[in-house]
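A quick write-up on the structure given underneath.
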Amino acid sequence: DLIPPYGGTLKDLRLDAATAESVKADAVDYPSWDLTDRQLCDLELLANGGFSPLEGFMDQRDYDGVVSDMRLADGTLWPVPITLDVSEAFATTLQAGDRVALRDPEGVILAILTVSDLWRPDHEREAERVYGTRDPAHPAVTWLREQSHPVYVGGRIEALDLPGHYDFTHLRLTPAALRERFQRNGWRRIVAFQTRNPMHRAHVELTFLAARQAEANLLIHPVVGMTKPGDVDHYSRVRCYEHVLHKYPEQTTALSLLPLAMRMGGPREAVWHAIIRRNYGCTHLIVGRDHAGPGKDSQGEEIYGPYDAQDMVTRYADELGIQMVPFRMMVYVQERAGYAPIDEVDESTETVMNISGTEFRRRMREGLEIPDWFGYPEVVEELRKTFPPRAKQGFTLFFTGLSGSGKSTIANAVMVKLMERGGRPVTLLDGDRVRKHLSSELGFSKAHRDLNIRRIGFVAAEITRNGGAAICAPIAPYSATRQAVREMVESANGGFLEIHVATPLEECERRDRKGLYARARAGQITGFTGIDDPYEAPEMPELRIDTTDCSVEEAAQQVLLKIEAMGFMDLQ
Ligand code: PPS
């Protein structure tokens with residue numbers, strides 16, 4: 001028979017259709033809470049039994065036990081808090097016994113929570129105990145500090161529905177559905193592979209070896225809920241997994257997606273992953289190097305040791321009831337023309353080859369070759385669509401400088417030259433156009449200027465994401481706001497070039513094309529940048545141009561050369 005779920009029974013919290021209908025009718029009058037992305041993921045795994053034996057969001061006793069000793073109040077091993085965090089304002093409307101409608105972002109009621117208790121957790125202590133650190137480089141620590149609401153609400157869940165998904169629906173098997181499939185196919189021993197990254201040859205070799213060692217079938221079980229910020233998006237990854245699935249012998253391997261919100265909690269998270277996989281019917285879990293690792297702390301030190309997760313899973317092996325298949329790093333051994341775990345290689349006689357994640361990303365970014373021994377061509381090709389080489393990526397040119405410094409003029413010239421060249425759609429967002437079409441209701445207070453620049457940043461990031469060139473030319477007097485725009489654009493898989501048009505104030509004022517400086521000096525305009533309002537000059541722009549002794553042609557050429565030097569243009 002299949003392995004029983006953790007705690008004995010699969011806690012599928014969904015009501016039957018008839019009950020759901022009547023509960024839903026009552027629920028329209030309940031106070032309601034719009035679930036955050038992370039809460040949606042947690043709710044899905046509570047509702048479908050992936051978090052068995054939990055029957056709802058933790059109450060304070062369970063939470064305290066989990067935080068202090070990884071145990072629920074009844075003694076069951078459980079490593080990570082599953083809590084519903086709400087705002088102070090919402091919490092004050094609630095008391096024990098109340099029923100709350102939990103909604104998805106569209107307002108659909110997914111579940112009813114019956115409040116058991118409310119409390120204000122100590123987030124610092126949670127960080128320290130659960131993640132073993134208070135370092136802000138740990139994403140879960142920063143999440144607790146900056147994103148978690150201050151009050152936790154405990155209570156049982158009755159689920160009306162699972163969160164809706166429209167992507168890869170054929171691959172989103174619930175624990176019950178996956179178990180059913182294992183049953184049907186006669187699979188009894190199943191080794192699960194947890195991943196949040198695209199899979200290359202090393203991963204396939206590793207999982208194949210693990211399945212063979214365990215004499216088990218293999219489940220590729222990637223996380224598609226929330227992973228580490230900056231990871232490859234799950235759409236691209238799942239397309240890669242689908243390619244990889246064909247590499248295994250037929251009928252031996254399955255692929256299913258796990259809607260988990262990872263915490264990057266290393267050892268504790270590995271124990272959690274083991275529990276979840278057991279609920280999904282797996283008997284084994286592969287735990288490799290640095291499992292669910294958050295990376296380095298702000299001093300550049302690893303937050304967890306590379307094999308801490310393996311140690312912790314080993315310590316609790318009996319209680320978990322799922323076996324760990326530990327794995328060392330897989331490396332390519334040139335003499336063997338194949339892969340082997342690093343601890344089985346004699347590096348004095350054999351040549352080991354590996355491409356780190358960082359190096360892989362660099363090669364992708366620069367459009368360099370990825371050798372066949374490392375990656376499958378189909379996977380590399382798939383990733384190249386998501387991460388095209390620079391010459392095919394979008395970018396944003398962000399001109400900043402005083403009024404009359406020449407920003408718009410240069411921006412216009414650059415736009416025309418880019419259009420003349422072709423190959424990328426170009427959009428000009430200069431100060432005047434933006435103030436007419438996007439920000440017509442805004443003035444020149446600090447708050448309004450910030451809002452104006454953020455709007456420009458939002459639009460520029462979208463243009464960049466879609467492979468276009470956005471040319472912005474506002475004054476953008478504040479460094480912090482410009483930095484925010486840079487981050488928005490860079491996280492849109494594209495380039496950001498800040499160009500400081502550094503024409504000195506005296507020269508801008510001497511030209512005074514619009515007559516605004518004269519009016520500002522006369523006190524007819526107040527809060528004028530450079531006169532009685534600040535301009536914080538960029539410290540490290542990609543390019544600085546003073547137009548005092550430089551023609552528009554020359555300035556535009558400098559910009560084009562910079563674009564070229566940064567790799568955003570190719571030989572034609
Ligand atoms: S900001 O600060 O980035 O939001 O400004 P921006 O959207 O680029 O708008 C600047 C243009 O608005 C005119 N203008 C002023 N500029 C600065 N300060 C004050 N108080 C002000 N009032 C009106 C001015 O024409 C700017 O255009 P440019 O093209 O920069 O000369």
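The values are calculated or read from the model by the stated rules, or taken from the named source; none is laboratory data. What you see is a predicted model; the values in this text were computed from it and never measured. Glycine also receives a Cβ, built like all others from the backbone with ideal geometry; neighbour counts cover every protein chain displayed. Protein only, heavy atoms only, side chains kept; ligands, DNA and RNA dropped before computing areas. Shrake-Rupley method; radii C 1.70, N 1.55, O 1.52, S 1.80 Å.
Heavy atoms only, probe 1.4 Å: what % of the accessible area of the chain goes to carbon and sulfur, would you let me know? The value for the chain is 49 percent carbon and sulfur by accessible area.
Provide the per residue accessible area, probe 1.4 Å, for region 12-102, rounded to a whole number of square angstrom. Let's see the in-between values first.
Numbers: 3520 Å² over 91 residues.
So region 12-102 comes to 39 Å² accessible per residue, rounded to a whole number.
Take the alpha carbon gyration tensor of region 324-366, find the square roots of its eigenvalues, order them as a ≥ b ≥ c, and report rounded if a/c is under 1.5; if not, report prolate when a/b exceeds b/c, else oblate. Intermediate values should be presented prior to the final figure.
Numbers: a/c = 2.87, a/b = 1.45, b/c = 1.97.
Because a/c hits 1.5 or more and a/b fails to exceed b/c, region 324-366 counts as oblate.
Above 48 Å, the calculated P(r) of the chain contains 25 percent of its Cα-Cα pairs. Each of Q147, I3, V426 was placed along the dipole of the chain (beta-carbon charges, centred on the mean Cα), and the one lying farthest toward the positive end is V426. Just to confirm a number: summing +1 for Lys and Arg and -1 for Asp and Glu over residues other than L451 whose beta-carbon lies under 15 angstrom from that of L451, what do you get? Result for the neighbourhood of L451: +4.
I355 sits among other residues whose Cβ lies under 14 Å from its own Cβ, and their net charge, with Lys and Arg +1 and Asp and Glu -1, is +1.
Its Cα centre serving as origin, the chain has a Cβ charge dipole (Lys and Arg +1, Asp and Glu -1) of approximately 1260 debye. All other residues whose Cβ lies under 12 angstrom from that of K562 are scored, Lys and Arg at +1 and Asp and Glu at -1, for a net of -2. A straight chain from K24 to T358 at 0.36 nm per residue would run longer than the Cα-Cα distance by 115.3 nm.
Per residue, how much accessible area does region 313-416 have with a 1.4 Å probe, in Å²? Walk me through the numbers before you get to the answer.
Numbers: 5010 Å² over 104 residues.
Normalised by residue count, the accessible surface of region 313-416 is 48 Å².
Note on region 173-215 and region 347-398: Cα centroid distance 26 Å, given to the nearest whole angstrom. The trypsin sites (Lys or Arg not before Pro) of region 14-92 include none that meets both criteria, a DSSP state outside H, G, I, E and B (loop) and at most 14 other C-beta atoms within 10 angstrom of the site's C-beta. Accessible area of I531 (1.4 Å probe, protein heavy atoms only, ligands and nucleic acids ignored): about 40 Å². Taking amide H atoms as placed 1.01 Å from N in the peptide plane, the amide H of L429 lies under 5 Å from those of I471, C472, A473, each 5 or more residues away in sequence or on another chain. Pairs of Lys residues in the chain that lie 8 or more places apart, or on two chains, and have C-alpha atoms under 23 angstrom apart add up to 15.
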